[in-house]
Amino acid sequence: MSKHWSDKKERSNPATLKLICWIALHTSRYFARFWLYPITVYFYLTSSQVRRASGNYLRRISGLTGNPWQIAKHIFYFSATILDRVYFLTDQFHRFDITVHGLENIKEQQASGKGCLLLGAHLGSFDLLRSLAIQNKMPFKILMYQDHNAMISKIFNSLNPDVAKSVINLANDNAMLEMNESLNAGEMIGMLGDRYVKNDKRIICQLLGDKIEIPSGPITLATITNSAVIFFCAVYCGKNKYEIYIEKLADATQLSRSERTDYVNQTTQKYVDRVEYYLKKHPYNWFNFYDYWQDESH
């Protein structure tokens, strides 16, 4: 039986991460990126799970075969976005060519004075969007489990305390109360909706031609709090280029309990459809390196 993603241990260590951060902040990005090549080779050679998960995913994309070169490129893209987190968290956006599509959706939502859910996935760089939001003083909070990858989070959070303060930790008992207060104050709540924790309610959706389990929580939260849902992703396009896509996924909707189930199922599949659309456009930006379709051992 394949392990759940939350059972995976952190493979990095504090000394290595701190060294990467030091190199990034005290040398050129060009020099820092040189070290991505040996890092890619290391993870390719030492993690059979990463190789299997990457190959299984890539073979689902038309035109790709999941060969060793493509798997290595997939790992390299992930490593590149981790390195770039250092620059995003320290407000060094001038190093990048960033194109934003659909910013009007955020502006319209802000003009309404009402909070909303910003729903993303492990697709590209979440830190790019949240760092831009903090830099531009947008009312923004992040809903996440901080306990997983706690060591990595601690090191990166030390680079930008304002970003760290924006997190609502789902492991805390008062997380839902804090989230509701933020929404009522007109803040945006950012979260990722493509992974579930073991006790989450989930539904079956279709992604890249096969069934997956997706948490129903994000869209259920939207219906309970009567909040609009905006989909986003910030994809890495190679070198120093990123593209941010922002789309309105669902309007604020107040539903009875009897209406909620069908709505949540349909809207969650709509969310998965948008994830699939951008995966096909930017296939090396999928950063779920585990048995996502639960079929690798079959």
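The values are calculated or read from the model by the stated rules, or taken from the named source; none is laboratory data. The structure presented is a predicted model; accordingly, all values stated were derived computationally and were not measured. Glycine gets a Cβ as well: all are built from the backbone with ideal geometry, and neighbour counts include every protein chain shown.
Annotations for the structure displayed:
- All told, Ile244 meets the bar of being in a strand (DSSP E or B), over 18 Å from Thr267 (Cβ atoms) and not acidic (Asp, Glu).
- Lone qualifier among Leu119, Leu103 - being of a type outside the set (Val, Ile, Thr), exposed (fewer than 13 other Cβ atoms within 10 Å of the Cβ), under 30 Å from Pro215 (Cβ atoms) and in contact with a strand residue (DSSP E or B) (Cβ under 7 Å, 6 or more places away or on another chain): Leu103
- When the residues of the stretch 219-241 are filtered to those that are in a strand (DSSP E or B) and touching a Cys at 6+ places or on another chain (Cβ under 8 Å), the one that is farthest from His122 (Cα to Cα) is Ala228.
- Flag for Lys114 being over 30 Å from Gly209 (Cβ atoms), without any contact (Cβ under 8 Å) to a residue 12 or more places away in the chain and not hydroxyl-bearing (Ser, Thr, Tyr): no
- Residue within the stretch 65-83 that is of a type in the set (D, E, K, R) and modelled with pLDDT of 95 or more present: yes
- Remark: pairs (first residue in the stretch 154-168, acidic (Asp, Glu); second residue surrounded by 13 or more Cβ atoms within 10 Å (Cβ to Cβ); Cβ separation under 8 Å; 6+ apart in sequence or on different chains) = Asp162/Ile134.
- The set of residues in the stretch 79-96 that are in contact with a strand residue (DSSP E or B) (Cβ under 9 Å, 6 or more places away or on another chain) and surrounded by fewer than 22 Cβ atoms within 10 Å (Cβ to Cβ) comprises Ala80, Thr81, Phe96.
- When the stretch 39-85 is filtered for residues that are among the hydrophobic types (A, V, I, L, M, F, W, C) and outside any helix (DSSP H, G or I), the ones remaining, listed by number, are Ile61, Leu64.
Quick grid of which residues meet (1) more than 16 Å from the chain's Cα centre (by Cα); (2) surrounded by 16 or more Cβ atoms within 10 Å (Cβ to Cβ):
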{"site": "Asp127", "(1), (2)": "no, yes"}
{"site": "Leu132", "(1), (2)": "no, yes"}
{"site": "Lys141", "(1), (2)": "no, yes"}
{"site": "Ser153", "(1), (2)": "no, yes"}
{"site": "Lys165", "(1), (2)": "yes, no"}
{"site": "Leu183", "(1), (2)": "yes, yes"}
{"site": "Gly193", "(1), (2)": "no, yes"}
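- Among the residues listed as Tyr284, Tyr277, the single one being surrounded by 17 or more Cβ atoms within 10 Å (Cβ to Cβ) and modelled with pLDDT of 95 or more: Tyr284
- Restricting the stretch 53-65 to residues that are under 22 Å from the mean Cα position of the chain (by Cα) and not polar (S, T, N, Q), the residue that is farthest from Asp295 (Cα to Cα) is Ile61.
- Test: Ile212 is within 18 Å of the chain's Cα centre (by Cα), more than 30 Å from Asp295 (Cα to Cα) and part of a strand (DSSP E or B): no
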